[in-house]
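The values are calculated or read from the model by the stated rules, or taken from the named source; none is laboratory data. Computed from a prediction, not measured in an experiment: that's the story for all the values here. We place every Cβ from the backbone using ideal geometry, glycine too, and count neighbours over all the protein chains shown.
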Amino acid sequence: MVDLPQGFPDGARLPDAAAALGDRFEAAGFELSLVGGPVRDLFLGRLSPDLDFTTDAQPDQILRIVRPWADAVWEIGRDFGTIGLRKSDAEGDYQLEVTTYRAEAYDSDSRKPEVRFGKDLGDDLVRRDFTVNAMALRLPSLELVDPHGGVRDLVGRQLRTPATPEESFSDDPLRMMRAARFASQLSLDIAPEVREAMTQMAGRLEIVSAERVQAELVKLINGQSPRAGIDLMVDTGLADIVLPEVPALKRLDDEHNRHKDVYQHSLQVLEQAADLETDAEGPVPAPDFILRFAALMHDAGKPKTRRFEPGGAVSFRHHDVVGAKMTRKRMQALRFDKDSIRAVTKLVELHMRFYGYGEQEWTDSAVRRYVTDAGDQLERLHRLTRSDVTTRNRRKANRLAHAYDDLEDRIAELKQREELSKIRPHLDGEQIMEILGIPPGPSVGKAYKFLLDHRMEHGPMEHDDAVALLKDWAHKSL
């Protein structure tokens, strides 16, 4: 590791791999600087194994310099002026990206950036998204280049743009979402002029691809303060484009008058769910996007299901089912993978299942079905259900907590006796056809469902008893 000069925090050090790369570029007659997030992170007391560099060398020249030195090289970003490489040494494994000085802008009707190479480091830095990311460390001289006051803004916890916010967001509208992400990840306050530009230009986010929006949203939700990021998106109108289901909650009264609106309740559930995540060794390691996003969206169906009852009461019947469908549609629009969509929508659909447990005794069958329906999302469902309690009535909150403690105890007891995660009917489809002498078809499905329901209600039984049960059912029902 290379010690950094005065002006950096005590103990800030640069990997030998970065310094060695700087020596190679200097020897070849080119400039090289560590740039962007890695420089910012040096002032935050952390060092990522992913390092970004910028240079006046063109992609072909970069390749000639790095090929003899790197452990691996890839050119997937070559059209954007970026060459990627991997370098391992005694300190660790590093993923490095070297990019030619550039300016990046969007055509008014295009979803893809138009790349233009810049002339020098100053040209490159002024086109960066925010001042805290517009700092560079020249290599190998270790000179800090900070023309836009990035260190000042980082110390002052403020997010500003190197150029005007309008220019920055015109160059890449996704930077507006990135501002919300930094509010979440780094707890930075948004400068008034940046917030105003976001509000005025929010509609321009529509030209950005769903995949890029999704990536920023995941980082925001997984940040240290996701509530701050969501609030900024809602206040500036970005959420109306990316997650319109969320600002819709802000205009909805809560049926229990526990909060000013369901929106605030949902943000509190999001925060409480994040607090229940585990360490890396636990069942729900932090940060967990699936749990957090389900918490944010769990009441998405309330606006569509609100009904005013006689006497002034408000109901939201079936908002869980409606909300799950809305969440699935939104995640599909944002190009999430099928497994993530399945997991989040299942949690949204099941988040109300527990309510009523404290008022009535659940049979073993009901507990089995709860576990079976949750499937591989049971641990997340435990946390989402507990997080959904935001009442200020401590007696009610304690009663619900004790009821869920009791349910988890019931689940643990049944697991000791049965393999709840692998509940199947007493007999499978092949056995049903053989025993009844019937071909594949609807009758097999009906028999399967009957046996599964019986298994849920009464627990496991011996094979011979299951055969007798099936034959008796078939005699009466087929």
Quick check on region 352-373. Is at least one of its residues within 21 Å of E271 (Cβ to Cβ) and under 19 Å from the mean Cα position of the chain (by Cα)?
no
Go through region 362-377 and count every residue that is crowded, with 19+ Cβ neighbours inside 10 Å and closer than 21 Å to A274 by Cα.
2
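Take L296 and decide whether it is in contact (Cβ under 8 Å) with a residue 40 or more places away in the chain, aliphatic (A, V, I, L, M) and either in contact with a Ser or Thr (Cβ under 9 Å, 6 or more places away or on another chain) or on the phi > 0 side of the Ramachandran plot (or both). Give the derivation first.
Numbers: in contact (Cβ under 8 Å) with a residue 40 or more places away in the chain: yes; aliphatic (A, V, I, L, M): yes; either in contact with a Ser or Thr (Cβ under 9 Å, 6 or more places away or on another chain) or on the phi > 0 side of the Ramachandran plot (or both): yes.
Yes: the conditions hold for L296.
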If I ask for residues that are touching a residue at least 40 places away in the same chain (Cβ under 8 Å) and charged (D, E, K, R), which ones from region 317-360 would you list?
R330, R335
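I'd like to check which helices (runs of 4 or more DSSP H) are fully inside region 414-478 and have at least 3 residues that are within 43 Å of the chain's Cα centre (by Cα) and more than 26 Å from D376 (Cβ to Cβ). Give the derivation first.
Numbers: elements: 429-436, 442-458, 463-477.
Those helices (runs of 4 or more DSSP H) span 442-458.
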Of all residues being farther than 15 Å from T278 by Cα and basic (K, R) in region 378-398, which is modelled with the lowest pLDDT? Just the residue, please.
R392
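Tell me, which helices (runs of 4 or more DSSP H) lie completely within region 334-413 with 3 or more residues that are basic (K, R) and in contact with a helix residue (DSSP H, G or I) (Cβ under 7 Å, 6 or more places away or on another chain)?
The qualifying helices (runs of 4 or more DSSP H) are 378-387.
Among residues belonging to region 1-53 that are of a type in the set (G, A, S) and modelled with pLDDT under 90, point out the one that is nearest to E91 (Cα to Cα). Even if it seems obvious, please write down each step before you answer.
Keep residues of region 1-53 that are of a type in the set (G, A, S), which gives 7, 11-12, 17-20, 22, 27-29, 33, 36-37, 45, 48.
Applying the additional criterion that residues be modelled with pLDDT under 90 yields 7, 11-12, 45, 48.
Working: G7: 24, G11: 16, A12: 15, G45: 17, S48: 12 Å.
Ranking the candidates gives S48 first.
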Does region 1-54 hold any residues that are without any contact (Cβ under 8 Å) to a residue 40 or more places away in the chain and part of a loop (DSSP other than H, G, I, E, B), and which are they?
P9, D10, G11, A12, A28, G29, F30, G45, R46, L47, S48
Within region 131-213, considering only helices (runs of 4 or more DSSP H) that don't extend past its boundaries, which have at least 2 residues that are of a type in the set (D, E, K, R) and over 22 Å from the mean Cα position of the chain (by Cα)?
150-155, 165-171, 192-201
Note on region 269-316: residues surrounded by 15 or more Cβ atoms within 10 Å (Cβ to Cβ), in a loop (DSSP other than H, G, I, E, B) and among the hydrophobic types (A, V, I, L, M, F, W, C) are L276, V284, A286, A300, F316
Residues of region 64-94 being touching a strand residue (DSSP E or B) at 6+ places or on another chain (Cβ under 6 Å), surrounded by fewer than 18 Cβ atoms within 10 Å (Cβ to Cβ) and either part of a helix (DSSP H, G or I) or among the polar types (S, T, N, Q) (or both), in sequence order, are F80
Could you grab me the full set of residues in region 31-47 that are surrounded by fewer than 22 Cβ atoms within 10 Å (Cβ to Cβ) and in contact with an Asp or Glu (Cβ under 6 Å, 6 or more places away or on another chain)?
E31
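For region 431-457, how many residues are exposed (fewer than 14 other Cβ atoms within 10 Å of the Cβ) and either of a type in the set (D, E, K, R) or closer than 25 Å to L414 by Cα (or both)?
Taking region 431-457 as the starting set, the residues that turn out to be exposed (fewer than 14 other Cβ atoms within 10 Å of the Cβ) are 434, 437, 439-442, 445, 449, 453, 457.
Still in the running and either of a type in the set (D, E, K, R) or closer than 25 Å to L414 by Cα (or both): 434, 449, 453, 457.
Residues in region 431-457 being exposed (fewer than 14 other Cβ atoms within 10 Å of the Cβ) and either of a type in the set (D, E, K, R) or closer than 25 Å to L414 by Cα (or both): 4 in total.
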